[in-house]
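Take this structure first; my questions come after.
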């Protein structure tokens with residue numbers, strides 16, 4: 001769920017549920033969000049609780065792409081959640097990746113870069129993450145993430161001794 005405007009190519013209900021700030025606030029106040037954050041320029045993003053809980057109850061695997069504060073909120077509400085943080089190889093690569101997107105001016109890039117560096121530190125320190133992956137190569141990072149999730153699923157499925 002987000003308060004940002006729908007962009008060309010976005011599919012409402014698939015990519016996001018695009019809502020007004022009043023609708024977002026009502027969902028938040030009603031306990032309908034598992035996690036939420038106010039991000040760049042006052043825009044809000046959140047994960048609706050019901051679809052996640054329904055999917056988990058049906059035995060499905062749910063993957064959330066959220067920031068560190070969101071991961072902390074999820075771990076507080078769902079302590080058994082398995083959290084993986086994806087790191088850049090180094091700060092220079094992170095900065096190059098932000099620039100290569102060619103979406104923003106240098107000032108905005110520097111703000112995102114500073115925020116990302118703070119998030120990385122917070123991710124290491126907060127205790128919400130079970131694993132960390134360094135994304136040097138996207139295909140290898142995806143393979144590693146899939147392996148970690150499968151290992152965790154197998155661990156949870158194994159009978160207790």
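The values are calculated or read from the model by the stated rules, or taken from the named source; none is laboratory data. No experiment lies behind these values; they were computed from the predicted model shown. All Cβ positions, even for glycine, are placed from backbone atoms using ideal geometry, and neighbour counts span all protein chains on display.
(1) outside the structural domain of residue 155 (by TED's automatic domain parsing); (2) surrounded by 12 or more Cβ atoms within 10 Å (Cβ to Cβ): which one isn't true of residue 88, the others all being true?
(1)
Any residue at all in segment 118-127 that's assigned by TED's automatic domain parsing to the domain that holds residue 21 and over 27 Å from residue 3 (Cα atoms)?
No.
Could you tell me which of the residues 112, 101, 118 is at pLDDT 95 or above and either farther than 22 Å from residue 24 by Cα or in contact with a helix residue (DSSP H, G or I) (Cβ under 9 Å, 6 or more places away or on another chain) (or both)?
118
Of these, 104, 76, 125, 144, which one is within 22 Å of residue 15 (Cα to Cα) and free of Cβ contacts under 8 Å to residues at least 12 places away in the same chain?
Just a single option satisfies the conditions, and that option is 104.
Read through the list (1) at pLDDT 95 or above; (2) touching a helix residue (DSSP H, G or I) at 6+ places or on another chain (Cβ under 6 Å); (3) closer than 20 Å to residue 153 by Cβ; (4) surrounded by fewer than 17 Cβ atoms within 10 Å (Cβ to Cβ), then give the number of the only condition that residue 62 fails.
Only one criterion in (1) at pLDDT 95 or above; (2) touching a helix residue (DSSP H, G or I) at 6+ places or on another chain (Cβ under 6 Å); (3) closer than 20 Å to residue 153 by Cβ; (4) surrounded by fewer than 17 Cβ atoms within 10 Å (Cβ to Cβ) is unmet by residue 62, namely (1).
Can you name every residue in segment 40-55 that is closer than 30 Å to residue 149 by Cα and surrounded by 14 or more Cβ atoms within 10 Å (Cβ to Cβ)?
Once the filter is applied, which keeps residues that are closer than 30 Å to residue 149 by Cα and surrounded by 14 or more Cβ atoms within 10 Å (Cβ to Cβ), segment 40-55 yields 44, 45, 46, 47, 48, 49, 52.
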